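A.B. asks: So that we are looking at the same thing, I have put the structure below in structure tokens.
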Amino acid sequence: MSILHQVTYGWQRLATGPAFGPTASTLAPDELGRLHRRVEHWLRTDPGGSCEVSHFYGVFGRHAVLVRREQPHGEHSALARLLVSAPALLTPRLALEVRDWQWLGVQGERLLPLTRRGIEPYRVGLAAESRSPEALAQLVPLLSHVLAGEEDLIELPPSECAYPLLWGLDAIVGGLVSDEPVRTNRPPAFETFDDRARPPGHPGLFIRFSERAGTLAAHPVYDSVAGRLVADYARRANGAPMPSSPPARPAAPAPAGPLVPCPICAATLTWDERELYRYDRGEGAYVTLTIPDSASPAQRAVSRRTAFVRCAGPEEAGPGAAHYLPLAYGQHGTPSVYGFVGATNSGKTHLLISMIAQLEKHGLGPGLSHQAISLAGHQSLVDEQVSPFLNDSRVVEHTRPGAVGLVDIFMVREAGGGGRPVALFDVAGGDLLEIESARRFLDVADGLIFVVNAAELGRDELGDRTFATVLELLQASGRLAELSTAIVLGKADLLRFEDPIASWLRQPDRVLDPDSSLRESADVYAYLQARHADAWTRPYRECRRATFHVASAAGSDTVADKTFVRGVRPCRVLNPLIALMAMTGVLTSPEARRIGI
């Protein structure tokens, strides 16, 4: 079965009275009848149950079934929508990605089957949510029971983290390597909410979020193993290969604070704030920050605004190897980490600084707001780099070799929604050619902005070597299909008289329009192919979600005495950042979900 069949259920008025049954289906009647008998119990919750949307996923022989259930206004308002396909196609991962699907694919009055390509616009991952402190804390006891393999039914109380928990579990279990048969090789069935008694026979291992369940305590033997796997998952991010399951040993104490991956060395930090540091400009070094016990709450808050946390990764434990992150970096959940990829002269640092300059001037656009998290670091950035670039047309220095720099971190909020932290990092172009330096950063990055230097088009058909290095490392780690990318045709002012570049340079910035984004991507892709620059299009071809953009960080390229002679006029520099936030789940509107397909 290479397609996904659809079935809809609802209440109908029959001669014998109202009945809940199939109202439309792409399955043959006899096949639907057999399927109905197997999934009937999972089509609804209790007659007086929750009005919230919930899901069931299970494998019955050669059929995998996803049921999306809702009951907005009492028993007779119940609706169920089913996707049915082969288990190899409708995997737990895909089921979680399309959890919000409500389409019917109707042509006239006829329900149509779906293809994998047809549902791509509706796929939304949970990689970032599954690495939140709340999800990671709940994942450890769940994983410990799955690893133990002693139960067919694992029940947890209803949780807002239900979907991220299942995502993280699938990522970790799917990556286990063992010489022995693993009990969890078969995908577990799951139900994200139920208010009924213990279910009847269920398919294999079954994970159920039930109102009747108590708090799930960690398994006494496998707690330590699960804790290490979850910590490694938090560091490596979704989809990376996991280590073999080590021998069980007594459980370790729970972490004192949330786990946050370090983007510089890829170590996992416990953000417990036990020891803080400040930067002493006189000594040119970080020194221990001591806040007196007698300090008032206001004084403590002032001291903490400029505080840092020290990290020395396990591979860098020698003297002088420590590096520091702002305390605010890990206080608002695990940030979405974005890095800029390009050769040293590609203009990526100017692009990054111009993005921050435009954020300061114009914001992200209607319905979106942002706020700097590290206030002192942000103000220093504005004073030392953004203002000289924007107001004095000064050239920004290249990122120094050997440095993975946190440039800025800010909280992004949608109208009426919660916030997500976003961290922007600049990596020296030469460092990305050093395999080890690139690997550490790529292990924790959530999205990448590849910068194509327009001045280099036609000079080297092999393209930017940093592109190839990064993509090959991502392929080797298994993360290529997980990362989203925005490819920017930078210094586009050099092409301002060429179509279609000239047309796109006149289009507005700060726009979240999936149709316009797709047209721009198609035009830039075709333009690069026509210029025999296929190598620059590789991220678009190989990453699951990607966009192309036309932008100019400075608006001109003539420099004298480290100054842009014609001034600085950034053009369309925020669209790539907004697109990347949409593709990585920071933005969650229906328009955002269609970006990068």
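The values are calculated or read from the model by the stated rules, or taken from the named source; none is laboratory data. Note that the structure is predicted; figures quoted are calculated from it, not measured. Backbone-built Cβ (ideal geometry, glycine too); neighbour counts: all protein chains shown. All accessible areas refer to the heavy atoms of the entire protein, side chains included, with ligands and DNA or RNA removed. Shrake-Rupley method; radii C 1.70, N 1.55, O 1.52, S 1.80 Å.
A.B. asks: List every residue pair whose Cβ atoms lie under 8 Å apart, where the two residues are 6 or more positions apart in sequence or sit on different chains, the first residue falls within region 112-129 and is among the aromatic types (Phe, Trp, Tyr), and the second residue, located anywhere, is surrounded by 17 or more Cβ atoms within 10 Å (Cβ to Cβ).
C.D. replies: So the pair list comes out as Tyr122/Glu97; Tyr122/Val98; Tyr122/Trp101; Tyr122/Arg593.
A.B. asks: Sort out for me the helices (runs of 4 or more DSSP H) sitting completely within region 409-517 that have 2 or more residues that are at pLDDT 80 or above and under 29 Å from Arg93 (Cβ atoms).
C.D. replies: 465-477
A.B. asks: Something else: Take the residues in region 249-269 that are over 21 Å from the mean Cα position of the chain (by Cα) and either at positive phi or at pLDDT 50 or above (or both), then tell me which one is most open to solvent (accessible area, probe 1.4 Å).
C.D. replies: Ala256
A.B. asks: Show the residue pairs that are 6+ apart or on different chains and have beta-carbon atoms under 9 Å apart, the first residue being within region 539-554 and on the phi > 0 side of the Ramachandran plot, the second being modelled with pLDDT of 95 or more.
C.D. replies: Filtered contacts from region 539-554: no entries.
A.B. asks: Of the residues that make up region 33-41, is at least one open to solvent by 40 Å² or more (accessible area, probe 1.4 Å), closer than 21 Å to Ala162 by Cα and modelled with pLDDT under 85? So that I can check it myself, show each step before the final result.
C.D. replies: Taking region 33-41 as the starting set, the residues that turn out to be open to solvent by 40 Å² or more (accessible area, probe 1.4 Å) are 34, 36-38, 40-41.
If we keep only those that are closer than 21 Å to Ala162 by Cα too, we end up with 41.
Applying the additional criterion that residues be modelled with pLDDT under 85 yields 41.
Checked region 33-41: at least one residue is open to solvent by 40 Å² or more (accessible area, probe 1.4 Å), closer than 21 Å to Ala162 by Cα and modelled with pLDDT under 85.
A.B. asks: Within 27 Å of the chain's Cα centre (by Cα), polar (S, T, N, Q) and modelled with pLDDT under 85: does that describe Ser245?
C.D. replies: yes
A.B. asks: Give the residue that is farthest from the chain's Cα centre (by Cα), with candidates limited to residues of region 485-513 that are over 14 Å from Ala454 (Cβ atoms) and crowded, with 19+ Cβ neighbours inside 10 Å.
C.D. replies: Among those residues, the one meeting the criterion is Leu512.
A.B. asks: May I ask you to list pairs of residues, at least six apart or on different chains, whose Cβ atoms are under 7 Å apart, with the first in region 572-591 being part of a helix (DSSP H, G or I) and at pLDDT 95 or above and the second being open to solvent by 10 Å² or more (accessible area, probe 1.4 Å) and among the acidic types (Asp, Glu)?
C.D. replies: As it stands, the answer is Leu574/Asp509; Asn575/Asp509, since those pairs meet every condition given.
A.B. asks: For region 533-549, state whether one or more residues are surrounded by fewer than 18 Cβ atoms within 10 Å (Cβ to Cβ) and assigned to a loop (DSSP other than H, G, I, E, B).
C.D. replies: The answer is yes, given that some residue of region 533-549 is surrounded by fewer than 18 Cβ atoms within 10 Å (Cβ to Cβ) and assigned to a loop (DSSP other than H, G, I, E, B).
A.B. asks: Looking at (1) modelled with pLDDT of 85 or more; (2) assigned to a loop (DSSP other than H, G, I, E, B); (3) more than 23 Å from Thr334 (Cα to Cα), which is the one condition that is false for Val177?
C.D. replies: Against the list (1) modelled with pLDDT of 85 or more; (2) assigned to a loop (DSSP other than H, G, I, E, B); (3) more than 23 Å from Thr334 (Cα to Cα), Val177 comes up short only on (1).
A.B. asks: When residues of region 514-531 are filtered for being open to solvent by 60 Å² or more (accessible area, probe 1.4 Å) and closer than 29 Å to His362 by Cα, how many remain? Spell out how you get there, then give the answer.
C.D. replies: As a first pass, look at region 514-531 and keep what is open to solvent by 60 Å² or more (accessible area, probe 1.4 Å): 515, 518-519, 529-531.
Right, trim to closer than 29 Å to His362 by Cα and you get 515, 518-519.
Total satisfying the criteria: 3.
A.B. asks: Of all residues in region 472-484, which are in contact (Cβ under 8 Å) with a residue 12 or more places away in the chain, farther than 15 Å from Val427 by Cβ and not basic (Lys, Arg)? If you could, list the steps in order and put the result at the bottom.
C.D. replies: Here is the first cut: in region 472-484, the residues in contact (Cβ under 8 Å) with a residue 12 or more places away in the chain are 473-475, 477-484.
Going one step further and asking which of them are farther than 15 Å from Val427 by Cβ, we end up with 475, 477-482, 484.
Of everything in region 472-484, those that are in contact (Cβ under 8 Å) with a residue 12 or more places away in the chain, farther than 15 Å from Val427 by Cβ and not basic (Lys, Arg) turn out to be Gln475, Ser477, Gly478, Leu480, Ala481, Glu482, Ser484.
A.B. asks: Can you confirm whether His370 is surrounded by 14 or more Cβ atoms within 10 Å (Cβ to Cβ), at negative phi and assigned to a strand (DSSP E or B)? Please lay out each step first, then the result.
C.D. replies: Values: surrounded by 14 or more Cβ atoms within 10 Å (Cβ to Cβ): yes; at negative phi: yes; assigned to a strand (DSSP E or B): yes.
Here the answer is yes, as His370 does meet what is asked.
A.B. asks: Further, regarding this structure: Being open to solvent by 30 Å² or more (accessible area, probe 1.4 Å) and modelled with pLDDT under 70 is the requirement here; does Glu109 meet it?
C.D. replies: Here the answer is yes, as Glu109 does meet what is asked.
A.B. asks: For Gln379, all conditions in the list (1) within 27 Å of Lys491 (Cβ to Cβ); (2) free of Cβ contacts under 8 Å to residues at least 24 places away in the same chain hold save one; what is the number of the exception?
C.D. replies: Only one criterion is unmet by Gln379, namely (1).
A.B. asks: Quick one: count up the residues across region 514-558 that are hydroxyl-bearing (Ser, Thr, Tyr) and more than 24 Å from the chain's Cα centre (by Cα).
C.D. replies: 5
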